[in-house]
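Working notes for the structure below.
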Amino acid sequence: MKKLLIIIIPLLIAYNANSQESIFSKMELNGYIKYMNTAMFNDADSVWLVDNLIHNRLNFKWYMNNKLTFTLDARTRFIYGDLVKFIPDYAESIEEDNGFFNFLTNNISDGSSFVLNTAFDRAYFEFNADKWAITLGRQRINWGQSFAWNPNDIFNSYSFFDFDYEERPGSDALRIQYYPNFTSVADGAIKIDRNNKITAAGLYRFNKWSYDIQLMGGIMDTTDYVIGAGWSGSIWDFGFNGEVSYFHPQKNFSDSTGIAIVSAGLSYMFGNSLNVSLEGNYNGYFDKLNLSSFNDLYFMPLSVKTTSYSEFSWFTQVSYPIHPLVTGNISVMYFPSLGNGYFLMPSLAYSVSDNFEFALYGQRFEGKFGGQYDKMTMLFMRFRYSF
């Protein structure tokens, strides 16, 4: 009850009781419900592990007045099957919340082969006035410019492999933005996590030479100083974007060696709507990852340093609308440091109607970890109804 009051009381205080307009006319609610079946195996003739997911998302907005908005978004997942049964502490890992307000994620119920979990990944107030925007609470702070890897995205990194989480995680943070004009913004934020570690940084984005350019700097996780830059523009008819970040430990500053993470990519849209993207990544943190298998890619702590798994990584994606209602996509990553390892993800999505979609996905990993060869295949079938 105390946790619920933390959310409700500020709403009651801020509500303007003298308003003649119905409170409900200022609210919006939408979302979706999904069912996804997952099959996981090493080889087609080996043991298959099968999992099921029923996933409901609710997105709520309350326009409290013309300057103040409250947002509360929740995802509720019912997961049952072999992965819950055979992976140790699976339910505990689902309930883990790295934010300062970690009570926003809870297992409602769990058993030997199922878990029911609800997580509020957005819960914030947003104030807008003139050229200012101030946001307080659990929110998404997206500073990335690249597609597959985002060295500038220091507040809430995400994994490219987690395709089913389109909204991506949020941070418990205070963010202040100032817009001097239509093409620039000064952006500052401070985030605190469950271990009371602080990430605080500022960014300035502006337009020059027909490019959106950003410069950023600050502190990440109370351990590293970070500076970086990003850009987004075009070369001839090719889209060209990228990011670079340099991290230097605060402890023993003069004696420590920092690391750099760099990504850059090109994209091109053909006249028949065929879209091709290419991207490369350098991760100076690679030798500290200590990966033992592809399972680590899903369960290791996620940060901007751990979203790429090879010193150099290469990515390409091809997307094509086969039919107005059918889109095909294939993504490939190449990891030279993992014994010429690779990741392959084909997908096919069919829009049955305006609010109903059927999709098939596949993921294949192969690579070498500490001299041991590892491989894994995952197949997904997903139905999604939006409302």
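Assorted remarks:
- Among residues of the range 335-375, those that are in a strand (DSSP E or B), among the polar types (S, T, N, Q) and either surrounded by 14 or more Cβ atoms within 10 Å (Cβ to Cβ) or touching a Gly at 6+ places or on another chain (Cβ under 7 Å) (or both), counted: 3
- Residue among Asp237, Asp255 that is surrounded by fewer than 14 Cβ atoms within 10 Å (Cβ to Cβ) and either closer than 23 Å to Thr316 by Cα or small (Gly, Ala, Ser) (or both): Asp237
- Taken together, the residues in the range 208-220 that are surrounded by fewer than 18 Cβ atoms within 10 Å (Cβ to Cβ) and under 20 Å from Ser245 (Cα atoms) amount to 6.
- For the range 270-305, the set of residues classified as over 22 Å from Asp221 (Cα atoms), at pLDDT 95 or above and surrounded by 15 or more Cβ atoms within 10 Å (Cβ to Cβ) consists of Asn275, Val276, Ser277, Leu278, Glu279, Gly280, Asn281, listed by residue number.
- Any hit, the range 306-314, residues being touching a Lys or Arg at 6+ places or on another chain (Cβ under 9 Å) and either part of a strand (DSSP E or B) or surrounded by fewer than 14 Cβ atoms within 10 Å (Cβ to Cβ) (or both): no
- Subset of the range 208-242 [in contact with a strand residue (DSSP E or B) (Cβ under 6 Å, 6 or more places away or on another chain), more than 21 Å from Phe147 (Cβ to Cβ) and without any contact (Cβ under 8 Å) to a residue 24 or more places away in the chain]: Gly217, Ile227
- Here Phe161 meets each of (1) out of contact with any Leu (no Cβ under 8 Å at 6 or more places or on another chain); (2) closer than 25 Å to Val276 by Cβ; (3) in contact (Cβ under 8 Å) with a residue 40 or more places away in the chain with one exception, condition (1).
- Among the residues examined, Gly284 qualifies as under 22 Å from the mean Cα position of the chain (by Cα) and of a type in the set (Gly, Ala, Ser).
- Yes/no for Phe125 being within 19 Å of the chain's Cα centre (by Cα) and either touching a residue at least 40 places away in the same chain (Cβ under 8 Å) or closer than 21 Å to Pro301 by Cβ (or both): no
The values are calculated or read from the model by the stated rules, or taken from the named source; none is laboratory data. Owing to the predicted nature of the structure, the values given are computational and were not obtained by experimental measurement. Every residue, glycine as well, gets a Cβ built from its backbone with ideal geometry; the counts of neighbours run over all protein chains shown.
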